[in-house]
1. Given the options THR295, THR283, name the one that is of a type in the set (Val, Ile, Thr) and within 18 Å of the chain's Cα centre (by Cα).
2. If a residue has to be within 24 Å of ASN3 (Cβ to Cβ) and of a type in the set (Ser, Thr, Tyr) to count, how many in segment 276-294 make the cut?
3. Here's a check for you: in segment 56-65, which residue that is surrounded by fewer than 24 Cβ atoms within 10 Å (Cβ to Cβ) and not in a helix (DSSP H, G or I) is nearest to the ligand (Cβ to nearest atom)?
4. Only one of these is surrounded by fewer than 14 Cβ atoms within 10 Å (Cβ to Cβ), away from the ligand (no atom under 16 Å from the Cβ) and in contact (Cβ under 8 Å) with a residue 12 or more places away in the chain: GLN163, GLN102, GLN109, GLN153. Name it.
5. With the requirement that a residue be more than 24 Å from SER71 (Cα to Cα) and either within 16 Å of the ligand (Cβ to nearest atom) or touching a strand residue (DSSP E or B) at 6+ places or on another chain (Cβ under 8 Å) (or both), what does segment 208-240 give you?
6. Working only within segment 66-76, note down all residues that are more than 13 Å from the ligand (Cβ to nearest atom) and either closer than 14 Å to SER197 by Cα or crowded, with 24+ Cβ neighbours inside 10 Å (or both).
7. Within the bounds of segment 125-132, is there any residue that is within 15 Å of the ligand (Cβ to nearest atom) and touching a residue at least 24 places away in the same chain (Cβ under 8 Å)?
8. One residue is enough: does segment 77-99 have a residue meeting the conditions away from the ligand (no atom under 16 Å from the Cβ), exposed (fewer than 13 other Cβ atoms within 10 Å of the Cβ), assigned by TED's automatic domain parsing to the domain that holds SER203 and not in a helix (DSSP H, G or I)?
Amino acid sequence: MDNVIDLRSDTVTRPTDAMRTAMARAEVGDDVFGDDPAVNALQERVAQLLGFRAALFVSSGTQSNLCALLSHCGRGEEYIAGSNAHLYSHEGGGAAALGGIQPQPLPHQEDGTLDLADIEAAVKPDDPHFARSRLLCLENTFSGTVIAPEYVQAATALARKHQLATHLDGARLFNAAVAGDGDPYEGARKIAEQFDSVSVCFSKGLGAPVGSVLLGSPEFIGEARRWRKALGGGMRQAGVLAAAASYALDHHVRRLADDHANAALFAEILDGVPGLEVGPARTNMVFARPVPGVTPPDLVERLAARGVLGTGGRPQIRFVFHLDVSRADAERAAHLVRETLAAAAA
Ligand SMILES: *Cc1c(COP(=O)(O)O)cnc(C)c1O
């Protein structure tokens, strides 16, 4: 269908003409030999930007998190993460399947954080009955929510106190940074540098077609590079992809603020609409809960028929704003949601 407003995810963005030009012009080599200038430039740049000594370009956020888990933890060892953390709940159980790594999921609090007391209680004593606790994983943004800087500081300090390493799934790190005050690149570094390793996605709101970067110490990244190869992720002339990520870093970071503004506009237009409880925008996401008994359960399908794509519906529908959604689209999408609800109630 023409004119569809696709709010399923910020992964649906297509590379712009200017990004494609940058990709076409990339100077490339064989990255498995370490010869790809565009990949090397991206890795060096992201490492420096976010305050790390080494970086690795990988095919996806899932591969990035998996390389991190496999590098931090061995068989019979354990990582602590939120029960809705992407790396625990949405990555095919890769660390368990491929690494014999045991997850220790913890419930999230209202603000997306894990209770520090729960974390402390989940750290196992050194005893053959227990898996060895190795790693604490946090996610920021978490379902669009920016995790408070004071919390990140307290949680990473607690992890260090118990000799746990720390990993940040920063798939949307730059959304968190742009939501804060000041320079977003500096903001991203302040969040990232509190962790031993960080994963950042370029294929979400930053608009690149493929790719994530994993950051850490040179020793850690050396280990992650071995795992990337074992996972089939050693790419050859990957510079065409790295060039897209570099372009995104130059041109698509500050504009994330537009996505946040569009999400806020969408939520504002829908505020108080009968049949739908619409929460406030969280960075580039809006979550809406259809009112049972008032709104038919197939609202997502009804919206799709009118050209607005969201995901979920049981119980919440998620709408994500991104590079390929203009302010006018956000406005039109909100009005189409209103019309759909009115038609369903009639
Ligand atoms: C999308 C996402 C990932 C994984 O990214 P893929 O590139 O889809 O594998 C990891 N963590 C979070 C929080 C994400 O939103």
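The values are calculated or read from the model by the stated rules, or taken from the named source; none is laboratory data. A quick note: this is a predicted structure, and the numbers were derived from the prediction, not measured. Methodologically, a virtual Cβ is constructed for each residue, glycine included, from the backbone with ideal geometry; neighbour enumeration extends over all protein chains shown.
1. Numbers: THR295 fails: within 18 Å of the chain's Cα centre (by Cα).
Residue meeting the stated conditions: THR283.
2. Qualifying residue count, segment 276-294: 0.
3. Taking segment 56-65 as the starting set, the residues that turn out to be surrounded by fewer than 24 Cβ atoms within 10 Å (Cβ to Cβ) are 59-60, 62-63.
Next, only the ones that are not in a helix (DSSP H, G or I) stay: 59-60.
Numbers: SER59: 8, SER60: 4 Å.
The residue in question is SER60.
4. Numbers: GLN163 fails: in contact (Cβ under 8 Å) with a residue 12 or more places away in the chain; GLN102 fails: surrounded by fewer than 14 Cβ atoms within 10 Å (Cβ to Cβ); GLN109 fails: in contact (Cβ under 8 Å) with a residue 12 or more places away in the chain.
Within the list GLN163, GLN102, GLN109, GLN153, the selection yields GLN153.
5. So the first thing to find is which residues in segment 208-240 are more than 24 Å from SER71 (Cα to Cα), and the list is 208-209, 237, 239-240.
Those that are more than 24 Å from SER71 (Cα to Cα) and either within 16 Å of the ligand (Cβ to nearest atom) or touching a strand residue (DSSP E or B) at 6+ places or on another chain (Cβ under 8 Å) (or both): ALA208, PRO209.
6. Going residue by residue through segment 66-76, those that are more than 13 Å from the ligand (Cβ to nearest atom) are 70-76.
Result: LEU70, SER71, HIS72, CYS73.
7. Here is the first cut: in segment 125-132, the residues within 15 Å of the ligand (Cβ to nearest atom) are none.
No: segment 125-132 contains no residue that is within 15 Å of the ligand (Cβ to nearest atom) and touching a residue at least 24 places away in the same chain (Cβ under 8 Å).
8. no
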